[in-house]
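Working notes for the structure below.
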Amino acid sequence: MTREQWERLKVLFSGALEQPAERRHEWLTLQAQGDEALVREAGALLDAHDTAAGFLEEPAVVDPADLAAVDELHTGTRIGSYEIEHEIGRGGMGVVYLARDLRLGRRVALKALPQLHDSNEALRERLRREARAAANIAHPTVATVYALEEVDGRLFIASEYIEGHSLRSEIESGRLEPRRAIAFAIDIVSGLCAAHDVRVVHRDLKPENVLITSSGSVKVVDFGIAHIDTINTRLTREGDVIGTPAYMAPEQLIGGTVDARVDIYAVGVILTEMLTGQHPLAPDRPSMPVSASEIAWRCIQTDPNARYQSARELLAALEGELANSNALPEPVPRARWWWEFHQAAVSSVYAAMVWPTWLARNVIGGQVGNAVFVTVLAAAIVAVTLRLHLWFTSRFYLAELGWARARATGWMLVSDAILASGLVVAGVLVGDARPALAVIEIAVAVGAATAFAVVEPATTRAAFGQTDRL
Amino acid sequence: MTPDPISSLMPLVYDELRRIAAGYIRRERPGQTLQATALVNEAFVRLASERPRPFANRQHFVAIAALSMRQILVQRARARKAAKRGGAPDRVTLDEGLVSAEPPGVDVLALDEALTRLAALDPEQARIVELRYFGGLTVEETAEVIGVSPATVKRQWAMARAWLKRAVDTAPDHGADASL
């Protein structure tokens, strides 16, 4: 039927309906001006209209069980040459199954793309194109796309199956150590470089799409095709707080033109989360190393032109950061804070003891008094200097601390012992003349010995996990 | 790289419909059916509270929701047919059990196929059917979505229904299935 015939049929049908039933045929014949075929067609339609009472009049109904079962594939189902083992993930509409490739005998991650209506050829073609593009990315930190399969009009993407856990679970179990976080970021961004080189933008980079294999290496999954789920996963069930908009660049959120720089934005968010456990825009976000924070901040600029302009540029910045971070002190863990406090406190007490010992020297007098004072002074200087040296090393040259401790331990043992002995001698000699001074000298000597024997090993073990003395 | 809005919003609606269904399964008695109107409205209310709101307006949303419903019903009908392949003649009766006095159910696969053919002849009529039947819209709402008068929608709807009825009843492939 031509367009013109259809339009005439529409006019005839509508016109005839307005006529009384018994006059319709007559009216049609008159209007059709001898076009028999058209009269027959209109007549048949009118008959159908009369018998169509109830047809489509109530909107479609659906059994909720049917609706919920859409897209489910069960264990053992064959999809082409793949056999489904079980579901491993669900991102909105794209359900990911663990499947076995029966031809090659290997396990694959099989992503079932949304069942598309036959009429939706445009989207189908886009998915094909994007899967093909993603298959062009060859990089060790990107999960390899093996194949695009079309089975019964349905699209499946088979890709490398990665055994491991997601970066999300890593972040949830606590902040990452800075160098580890930056190393992860470098792996992610190296993968981005390879993808952007073949003009594939991830568009939905987030910790869930970054997997850490059992051997500790990074694999970015769902390149280019992930955004099909983007809008889905962004929707959260009631009560859920976290969703993907957190990783979406502003231009992506407002549906603007999207390019490779949206991935740069996502890296900024991920980097901050690895280092602080919080979104960069969270109000009560803990602090992070200044230089890493500067990198992240530049990534998440609202204006894409203010970000790093390419993955390669960002990669260079991260690599510089990694090199720097090797020279930077680590944030101080609580146990080490106590160890540092202990060293500082002991140093202060030792230094303070010089004054009572000077008073004791004056009381004792003569060569003996001088000898006791000089002994205590020398021992205190050595002990305090060594402790401050270790304290300084732990703050600024952490890597050398073990070596510094190994060297200092013997000297500290000797100087502490001499100091304690000197104090005891001073206390005993001054005893009768100045009892208060004697008590102070001896009490500090006992205290120093106790600290050295009990407290120091404890704080050292807590801070460094070793039992050797400082 | 800006995605076509309909294509990229479909999964969203699709998924929301599925979530609603899952909610019903948890809460309600089994065997209960949901009408397109209720489903689409519920999905709209839930999605409209999202920030940023993914839809330009309700019309935009409903058009996508209706298409999603059509796809879901067709997919399930196909799955059933595949499951019963070789067994008794397949007939997907969607209205069955809802109201016993209701005329027999609609063969969704036959309807879908006929609707695709109608769309080639008259895209507007096909759209009206999709919105009214799969989206559960009233004549007035449909008129608003398409941007024509309610009278036009009524006329087109009457003809589309007659055309589809005839197509479904006489479709050779569905001779057995469609003899309701």
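Evaluation of A:Pro245 against the conditions (1) assigned to a helix (DSSP H, G or I); (2) buried (at least 21 other Cβ atoms within 10 Å of the Cβ); (3) at pLDDT below 75 shows that the sole unmet condition is (2).
With among the hydrophobic types (A, V, I, L, M, F, W, C) and over 23 Å from B:Val153 (Cβ atoms) as the only criterion, which of A:Leu56, A:Leu9, A:Leu45, A:Leu38 stands out? Going through A:Leu56, A:Leu9, A:Leu45, A:Leu38 in turn, the sole match is A:Leu38.
Within the option set B:Val62, B:Val13, being modelled with pLDDT of 80 or more and assigned to a helix (DSSP H, G or I) holds for one residue only, B:Val62.
Can you report the number of residues in the stretch A:29-78 which are in a helix (DSSP H, G or I) and touching a Ser or Thr at 6+ places or on another chain (Cβ under 7 Å)? Write out each step before concluding.
The initial filter retains those residues of the stretch A:29-78 that are in a helix (DSSP H, G or I), namely A:29-32, A:36-51, A:64-69.
Filter once more, so that each one left must be touching a Ser or Thr at 6+ places or on another chain (Cβ under 7 Å): A:39.
Summing the residues that are in a helix (DSSP H, G or I) and touching a Ser or Thr at 6+ places or on another chain (Cβ under 7 Å) in the stretch A:29-78 gives 1.
The helices (runs of 4 or more DSSP H) found entirely in the stretch B:103-159 that carry 3 or more residues being within 8 Å of chain A (Cβ to nearest Cβ) are B:108-121.
Within the stretch A:79-94, the residues that satisfy the criterion of being over 17 Å from A:Glu163 (Cβ atoms), more than 11 Å from chain B (Cβ to nearest Cβ), part of a strand (DSSP E or B) and at pLDDT below 90 are A:Ile79, A:Ile84.
Here B:Ala56 clears all of (1) at pLDDT below 75; (2) at the interface with chain A (Cβ under 7 Å from one of its Cβ atoms) except the condition numbered (2). Out of the residues in the stretch A:136-171 meeting the condition of being among the acidic types (Asp, Glu) and more than 16 Å from the chain's Cα centre (by Cα), tell me which one is modelled with the highest pLDDT. Checked the stretch A:136-171; the qualifying residue modelled with the highest pLDDT is A:Glu160. Checked against (1) within 14 Å of another protein chain (Cβ to nearest Cβ); (2) within 19 Å of the chain's Cα centre (by Cα); (3) outside any helix (DSSP H, G or I), A:Val258 passes all but condition (2). Taking first residues from the stretch A:343-363 that are assigned by TED's automatic domain parsing to the domain that holds A:Thr450 and of a type in the set (Gly, Ala, Ser) and partners that are surrounded by 16 or more Cβ atoms within 10 Å (Cβ to Cβ) and in a helix (DSSP H, G or I), the Cβ contacts under 6 Å between residues at least 6 apart in sequence or on separate chains come to A:Ser347/A:Val384; A:Ser347/A:Arg387; A:Ala351/A:Val384; A:Ala360/A:Ala426; A:Ala360/A:Val430; A:Ala360/A:Leu437. Could you tell me whether A:Leu28 is within 21 Å of B:Thr152 (Cα to Cα), more than 10 Å from chain B (Cβ to nearest Cβ), surrounded by 14 or more Cβ atoms within 10 Å (Cβ to Cβ) and more than 60 Å from the chain's Cα centre (by Cα)? It is true that A:Leu28 is within 21 Å of B:Thr152 (Cα to Cα), more than 10 Å from chain B (Cβ to nearest Cβ), surrounded by 14 or more Cβ atoms within 10 Å (Cβ to Cβ) and more than 60 Å from the chain's Cα centre (by Cα).
Summed over the stretch A:143-155, the residues that are over 26 Å from A:Ser217 (Cα atoms) and assigned to a strand (DSSP E or B) give a count of 5.
Determine whether the stretch A:413-423 contains at least one residue that is of a type in the set (S, T, N, Q), closer than 22 Å to A:Val444 by Cβ and surrounded by 20 or more Cβ atoms within 10 Å (Cβ to Cβ).
The answer is yes, given that some residue of the stretch A:413-423 is of a type in the set (S, T, N, Q), closer than 22 Å to A:Val444 by Cβ and surrounded by 20 or more Cβ atoms within 10 Å (Cβ to Cβ).
Would the stretch A:294-310 turn up any residue that is part of a loop (DSSP other than H, G, I, E, B), closer than 20 Å to A:Ala195 by Cβ and of a type in the set (D, E, K, R)? Yes, the stretch A:294-310 has at least one match.
The values are calculated or read from the model by the stated rules, or taken from the named source; none is laboratory data. Keep in mind the model is a prediction, meaning the values are calculated, not measured. Glycine also receives a Cβ, built like all others from the backbone with ideal geometry; neighbour counts cover every protein chain displayed.
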